[in-house]
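Below you'll find the structure, written out as structure tokens, and then a few comments.
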Amino acid sequence: MILAEKITELRKKNGWSQEELAEKLDVSRQAVSKWESAQSVPDMNRVLLLSELFGVSTDYLLKDEMGEPARTDEPLPEEGGRSLRTVSMQEAQEFLQHRKTAAGRISLGVLMCILSPVALILLAVAQDTGRLALTEEVAVGLGLLPLFLLIGGAVALFVVTGLAGKRFEYMDKECFETEYGVAGFVREQRDRTQGAFAAQLTAGIVLCVLSAVPIFIAMCLPYESETASDFGYVVAVAALLGMVAAGVWLIVRAAIVRGGYNALLEEGDYSRENKENQMRNAPLASIYWGVVTAGFLGYSFITGRWDRSWIVWPVAGVLYGVIMAIVGAVRKKG
């Protein structure tokens, strides 16, 4: 085992992120990242500090042939009293491939959910303004058909993807170790896709921001009658949903692939500290999103205002972040 792998393994066993280790050593996160990917090596002073922090000898860190750490203090405790599961190179590659497949399916499912009420909105307003010679019941029925088909298709995609990824669930929730060479391989893949990730994320955010443009255009257009104005605004709302759907599709697709790399490296949202917090917050999250979903469907079906009810999702997402931040702060004080 080379020095890069030893630093990575010992950092993970201590439950530290690259940022946390960098702070303890008074270096940048990029420096730690380069050490762990074998792009550079720490100087002797840093090696001595690493030895003290990890509780191992400098011989263990510097001699590749030493496979087991020569402890300078008490042995490192194993996670929860159990030995950590080891992820092989083959399993890591299969997991990354699953993430790429899941990214396409889940992002498509989210897009379908956002677009599901568009037909209902357009048909209902077209009938109400006399643009379609249909009764209200027929117009609503025709609009509900694609709504249920799209939502049903999205749910099917979510279920199939969830079942396919069942074997990898532990990577999101549990702590683990990786075999020699896995961490370097994953970092190389992540760095190679950095440009594509940034481009997709930027395009998605821009589309979401610009989604309000059709509304402003509709406000500025001259209309011959009130019914024409109503129809123009509804078309603008449909365009808004289309742009939001496209933007969210790009963001979700990029985030899921990126999350796969971070999950294998146990960095970012997948650090050991965050995994522990997620396990604690799981019951609260289930209740919260269950209530939000029930409220969205109840309000939408009772009022028929699908053109407005979609706003619950971005609001609920922001509110969820605030709630989790408050919960985390309270736990730290406790």
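Data for the structure
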{"read-out": "Residue within the stretch 63-75 that is in contact with a Gly (Cβ under 8 Å, 6 or more places away or on another chain), of a type in the set (S, T, N, Q), modelled with pLDDT under 75 and over 21 Å from G162 (Cα atoms) present", "value": "yes"}
{"read-out": "Residue match in the stretch 118-126 (condition: out of contact with any helix residue (DSSP H, G or I) (no Cβ under 6 Å at 6 or more places or on another chain), surrounded by fewer than 16 Cβ atoms within 10 Å (Cβ to Cβ) and in contact (Cβ under 8 Å) with a residue 12 or more places away in the chain)", "value": "no"}
{"read-out": "Cβ pairs under 7 Å, 6+ apart, first in the stretch 1-20 and within 16 Å of S57 (Cβ to Cβ) and touching a residue at least 60 places away in the same chain (Cβ under 8 Å), second of a type in the set (V, I, T) and in a loop (DSSP other than H, G, I, E, B)", "value": "L3/V41"}
{"read-out": "Residue that is modelled with pLDDT of 80 or more and either closer than 28 Å to F95 by Cα or surrounded by fewer than 16 Cβ atoms within 10 Å (Cβ to Cβ) (or both), where the choices are A246, A316, A329", "value": "A246"}
{"read-out": "The stretch 47-62: number of residues that are within 34 Å of the chain's Cα centre (by Cα) and either surrounded by 17 or more Cβ atoms within 10 Å (Cβ to Cβ) or at pLDDT below 80 (or both)", "value": "2"}
{"read-out": "Conditions (1) within 21 Å of F168 (Cβ to Cβ); (2) exposed (fewer than 15 other Cβ atoms within 10 Å of the Cβ); number of the one not met by L284", "value": "(1)"}
{"read-out": "Filtered residue count, the stretch 91-121, keeping only those that are more than 12 Å from T161 (Cα to Cα) and among the polar types (S, T, N, Q)", "value": "3"}
{"read-out": "Of all residues in the stretch 18-46 being in a helix (DSSP H, G or I) and of a type in the set (S, T, N, Q), the one that is modelled with the lowest pLDDT", "value": "N45"}
{"read-out": "Helices (runs of 4 or more DSSP H) within the stretch 232-334 that include 1 or more residues under 23 Å from the mean Cα position of the chain (by Cα) and of a type outside the set (D, E, K, R)", "value": "272-303, 312-333"}
{"read-out": "Residue count, the stretch 202-231 (criterion: in a helix (DSSP H, G or I) and surrounded by 17 or more Cβ atoms within 10 Å (Cβ to Cβ))", "value": "6"}
{"read-out": "Pair list, Cβ under 7 Å, 6 or more apart: the stretch 209-226 residue free of Cβ contacts under 8 Å to residues at least 12 places away in the same chain, other residue assigned to a helix (DSSP H, G or I)", "value": "L221/G232; Y223/S229; Y223/G232"}
{"read-out": "Condition broken by G15, with the remaining ones in (1) in a loop (DSSP other than H, G, I, E, B); (2) buried (at least 16 other Cβ atoms within 10 Å of the Cβ) satisfied", "value": "(2)"}
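The values are calculated or read from the model by the stated rules, or taken from the named source; none is laboratory data. Values in this document were obtained by computation on a predicted structure and should not be read as measured data. Methodologically, a virtual Cβ is constructed for each residue, glycine included, from the backbone with ideal geometry; neighbour enumeration extends over all protein chains shown.
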